[in-house]
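Report on the following structure.
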Amino acid sequence: MTDFLRELNDVQREAVLATEGPVMVLAGAGSGKTRVITFRIAHLIRNQRVSPQNILALTFTNKAAGEMRHRIDGILEQGSSSSLWIGTFHSVFARLLRSYIHLIGYDRNFSIFDADDSKSLVKQCMKELNLSPETLPVNLVHSTISKSKNNFVLPPEFHRKAIDDQYQKIALVYERYVQRLRENNALDFDDLLIKPIELFTEHPQVLEQLQEYFRYLLIDEYQDTNRVQYLVAKMIAAKHRNIFVVGDDAQSIYSWRGADISNMLNFNDDYGDAQLFKLVDNYRSTKTILQAANNVISRNQRQIKKELVANAGTGEPITLIEAYNERREAEKVGDCIRSIRLANGAEYRAFAIFYRTNAQSRVIEDVMRQNRIPYKIFGSVSFYKRKEIKDAVAYMRLVLNDRDSESLLRVINFPPRKIGDVSINKLKEFAEEQNISLYDAVRRAGEGGFQARLVGALTQFASLIEAMRRQAEEGTAYDVLSMLYDTTGLLSLLKEENTPESLARHENLQELLSMTRDFADHNPSSATLGDFLSTISLASDYDETQESDNYVSLMTVHAAKGLEFPVVFVTGMEEKLFPLNSYEPSEVEEERRLFYVAITRAREKLFLSWAQSRYMYGQPQMCLRSTFINEIDPDIIVTEGGRKLSESPKKVAATAMAGRPVFGSSLRPQPGSPSAKVPTVKPAGSAAPTGAAKSAYRVGTKVQHAIFGPGTVLEVQGSGAKQKVKINFRTAGEKTLMVQYANLKVV
Ligand code: ATP
Ligand code: MG
C-alpha cells in the first residue's frame, strides 16, 4: 500500500480505492469526507496514473479548493495539483465558459454580476416596467428569480406557471432582467451554472469533449447542491460515470437558496449500481462536543440516522456565557479569548466567533477592535462590497467588456465629471435611437447633438477607458489599476477630503492595488485583467483570508461550513435569533441543522453565549435563551462560574433532556435582575493582576478561573512576574498557568 493511504481508516481507504463507477459517502461532520476526496485525488494521480487534468473536484468554497490543492501537493509533490481542476461550481464553470460562451452568443469577456449588481438591475427593470417596489419588494423579486434559475425554471416556463398577478409581474421582470443581462454581456451567479447547461444542450460536441476530459468527477458537500448543479454534474458524469459525492444530510443548510437534499437521497435512482460508504469515526471534536451535536440533531424528525463516534477524549465541558446585553456578550467573548491565549499560548487563528445573522457582527467587531484583538470579518460588508472597491472594479469591468452598461453607469460620473442624471438620460436615449450600447454612445457623443461641454466630458471619459484597455492588452490588472488611479487622481482626492471615511476608502483602494500586485506575483502566467476580475468576483467572503495572517475569524454559521477551529463561540443563542424566526417545523429543523453545523466546527472547546437584551430593528428587545440550549445534556454544560448547568438553579434544562420541550416562563430572564452575573474575567486593559495576587497562592488555595472554573492549587512555582501555579480544575483537569495573566480569583 502506498504510504499515504495508511493515514486513513479502513472505510475511508475503501472509499478512496473504489475509483471506478458511482460512489457516495454519507457521513456525519468531521468524519473525514473532505479528507477522503483529497486522498482519492492523490491516489488517482499517484497510483492509477490518471492525468491531473482529467480530474474535476468541486468544493463549496474557494478556500476549501485552495486547501485541497495544498494538501495534495503535500501528499504527492509540490506542483502536482497545478493542472487539476479544483474549485467551486461557480469558479470552474466561469473558467470553462470563457472558452466556450461565444457559441451561445456571448463575448468571452463577459462580466460577472454579483448579488448587489443583479439586485440593482432588477430594480432598474422594475422601474422600466413601472412596477413600484412598495407593492412588489425588490428583494422578493430578486430572490424569486434566483430561486427559479437555480431550479432551472427559465422565463417562458415561469410565465406559463405564474399563478397570480404578483407572479405574472415577476415574470415580466424576469424576462426583462434576462434580456438586460444579455445586452450587458453579463452573467449573474446563477447563470454561471445555467449557461453551461444551455451550452451542452445546444452544442453536444462540447459536452462530449468535456466528458472525455473530466473522467473523474468529485463533489464535496453534495447535500447542498441545487437542481442546476445536480444537472450539470449529471451531464458531465454521464459518459464515464466516475462520479464521487460526499455529504451529510444533517448539514443541509441552504434550502433557502434552492439546495435540494433529495439530490443526495436519490443518488441511487440515477446510479443504481452506486457504492455507498458510511464513515463513523469523528476525528475532529472532543467527545463532549460531539455529544452536544448528537443531542441536538437527534431532535430532527427528518434525518438519516447516522452513527458518529468521537476519537478524541472527553475534553472540556461546554461553557454557557450569559450577558445582560449584546455588547457585554461580545466583551465576555473577548475576555475568554484573552484568557485562553494567556493560559496556553493559543494563537488568534485558533478562535472563531459565529453568529446567525450578519447584523450581529458589528458589535462584536467593535469590541474586538477596542480590545485590540486582531479579527477578520466575513460578512455582508465584505471588502468587495464596499463602494469604492465596487467603483474601481466597475472601471476594470468596463475596460474588459464595454457592453457592461451597469458598470458604465456606476463610474461615468465618478470621480465627478459634471455628467448628471439629465445628461445620462439623454445619452440613454441616443443609445436607444441608434441601437448601440451606452459605451458606444459615449464614444460617439459628438454625433448626439449634445452640448459641447458634455461632449468634452464624455470624450475624455472614453479616452481614459481606451487608454486603460490598451494597457490591459499588454499589462496586468495591476498596470490597469495604477493607470486608473494616476489618471483620475482618485487617491489624492480622497486624501484631500481628509475625513475618517475618505481615509478608510483611500486605504481600501490601496489595498486593492496591493491585491492586484500580489495576484501578478502569484500568477505570473495569468494575471490579466480578465483573470483578476474572474477571481475576485467569485471570491466568497471567507476567501479573503490570507494564510499567513493570525486573527480571530468572525462569520455567519453558513459561512463556516466545512471549516474547523480549536475554539468556537456561537453567539446570540436566543429565541427568534437562533433559531431565527421559524414557524414551520421544517424551518426549525433547518435551523437545528445549522446549529449542528456550528457545534461541529469546534475541535476542543465550545462556548455558547446569549444576551438578555439586544438591539434589533433599532429597538432594545428582551430576549429569551434559545431552546436549542435545552436540547444539550445539561451535564456537559457549565456556566461561566464553572458550575454544571444541571446543578445550577435553572434546573429546567434537565426537563428538556427528558424529552419534554421546555418553553416559556421558567426560562425567561428577569430583566435587570442580578442574574446578570458579575464577570469573573476583567475587561481589556485591566488584566494582569499584580503584586497583591502574587502571594495569595499556596498549595490547597481554592481558586476560580473564568474558563476552567473552580480548582485547587497543587503547586506554586517561582515568584514575581514569572510565578506559575499548577491547578487541579474540577472539570478541566490539571493546568499550569502564569499568575500574572491567568486572572485567577481566590475563593
Ligand atoms: P465536515 O462534515 O464538517 O465537512 P468532513 O467529514 O469533511 O467534515 P474532514 O474535514 O475531512 O471531515 O476531517 C475532519 C478532521 O479530521 C480533519 O482535521 C481531518 O484531517 C481529520 N481526519 C479525518 N480522517 C482522519 C484519519 N483517518 N486520521 C486522522 N485524522 C483524520
Ligand atoms: Mg468536509
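Some points to look at:
- Residue selection: LEU103 fails the criterion of being away from ligand 1 (no atom under 13 Å from the Cβ) and either modelled with pLDDT under 95 or crowded, with 17+ Cβ neighbours inside 10 Å (or both).
One line per residue, one yes/no per condition, for (1) modelled with pLDDT of 95 or more; (2) of a type outside the set (A, V, I, L, M, F, W, C):
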| site | (1), (2) |
| --- | --- |
| ALA359 | no, no |
| ARG362 | no, yes |
| ASP366 | no, yes |
| PHE383 | no, no |
| ARG386 | no, yes |
| ASP391 | no, yes |
| TYR395 | yes, yes |
| ASP421 | no, yes |
| LYS428 | no, yes |
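- The residues listed here are LEU131, LEU96; of these, the one that is aliphatic (A, V, I, L, M) and under 28 Å from HIS203 (Cβ atoms) is LEU96.
- Filtered residues of the stretch 25-57 (kept if open to solvent by 20 Å² or more (accessible area, probe 1.4 Å), of a type outside the set (Val, Ile, Thr) and more than 13 Å from ligand 1 (Cβ to nearest atom)): ARG46, ASN47, GLN48, ARG49, SER51, PRO52, GLN53, ASN54
- Long-range neighbours under 9 Å by Cβ, at least six apart or interchain, first residue on the phi > 0 side of the Ramachandran plot within the stretch 552-572, second part of a strand (DSSP E or B) and of a type outside the set (Asp, Glu): GLY562/THR59; GLY572/PHE354; GLY572/TYR355; GLY572/SER609; GLY572/TRP610; GLY572/ALA611; GLY572/ARG614
- Scanning the stretch 141-169 for residues that are open to solvent by 70 Å² or more (accessible area, probe 1.4 Å) and either under 22 Å from ALA94 (Cα atoms) or within 29 Å of the chain's Cα centre (by Cα) (or both) yields a count of 1.
- Here the stretch 18-50 is the region considered, the condition is being over 26 Å from ALA250 (Cα atoms) and hydrophobic (A, V, I, L, M, F, W, C), and the residue that is farthest from ligand 2 (Cβ to nearest atom) is VAL50.
- Scanning the stretch 266-314 for residues that are assigned to a helix (DSSP H, G or I), out of contact with any helix residue (DSSP H, G or I) (no Cβ under 7 Å at 6 or more places or on another chain) and either away from ligand 2 (no atom under 16 Å from the Cβ) or under 29 Å from TYR230 (Cα atoms) (or both) yields a count of 6.
- Some residue of the stretch 71-85 being under 19 Å from HIS558 (Cβ atoms) and open to solvent by less than 40 Å² (accessible area, probe 1.4 Å): no
- Among the conditions (1) hydrophobic (A, V, I, L, M, F, W, C); (2) crowded, with 20+ Cβ neighbours inside 10 Å; (3) away from ligand 2 (no atom under 16 Å from the Cβ), PHE4 misses just one, which is (2).
Residues are listed down the side, and each one gets a yes or a no for (1) in contact with a strand residue (DSSP E or B) (Cβ under 7 Å, 6 or more places away or on another chain); (2) more than 15 Å from ligand 1 (Cβ to nearest atom); (3) within 24 Å of GLU574 (Cβ to Cβ):
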residue: ASN282; (1), (2), (3): yes, no, no
residue: ASN295; (1), (2), (3): no, yes, yes
residue: TYR324; (1), (2), (3): yes, yes, yes
residue: ALA330; (1), (2), (3): no, yes, yes
residue: ARG338; (1), (2), (3): no, yes, no
residue: ALA343; (1), (2), (3): yes, yes, no
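- Considering the stretch 508-533, the residues that are modelled with pLDDT of 85 or more and hydroxyl-bearing (Ser, Thr, Tyr) include one that is surrounded by the most Cβ atoms within 10 Å (Cβ to Cβ), namely THR516.
- Test result for VAL11, aliphatic (A, V, I, L, M), open to solvent by 40 Å² or more (accessible area, probe 1.4 Å) and either away from ligand 2 (no atom under 16 Å from the Cβ) or at pLDDT 90 or above (or both): yes
- Criterion applied to ARG453, ARG505 was being within 30 Å of ILE424 (Cβ to Cβ), without any contact (Cβ under 8 Å) to a residue 40 or more places away in the chain and open to solvent by 40 Å² or more (accessible area, probe 1.4 Å), and the one residue passing it is ARG453.
- The stretch 564-577: number of residues that are buried (at least 20 other Cβ atoms within 10 Å of the Cβ) and at pLDDT 95 or above: 9
- Index of the failed condition, THR135 passing every other in (1) out of contact with any helix residue (DSSP H, G or I) (no Cβ under 7 Å at 6 or more places or on another chain); (2) modelled with pLDDT of 95 or more: (2)
- From ARG49, ARG13, residue being more than 30 Å from SER526 (Cβ to Cβ) and out of contact with any Ser or Thr (no Cβ under 9 Å at 6 or more places or on another chain): ARG13
- Of all the listed residues (ALA330, ALA350, ALA359, ALA343), the sole one being open to solvent by less than 10 Å² (accessible area, probe 1.4 Å) and not acidic (Asp, Glu) is ALA330.
- Only one of LEU84, LEU96, LEU17 that is under 27 Å from ALA238 (Cβ atoms), more than 13 Å from ligand 1 (Cβ to nearest atom) and at pLDDT 95 or above: LEU17
- Selection status of PHE60, within 24 Å of ASP531 (Cα to Cα) and either open to solvent by 40 Å² or more (accessible area, probe 1.4 Å) or in contact (Cβ under 8 Å) with a residue 12 or more places away in the chain (or both): yes
The values are calculated or read from the model by the stated rules, or taken from the named source; none is laboratory data. In this text, all values refer to a predicted model and were calculated from it rather than measured experimentally. Note that we place each Cβ from the backbone using ideal geometry, even for glycine, and neighbour counts take in every protein chain shown. Ligands, DNA and RNA are excluded from the accessible area calculation, which covers all protein heavy atoms including side chains. Shrake-Rupley method; radii C 1.70, N 1.55, O 1.52, S 1.80 Å.
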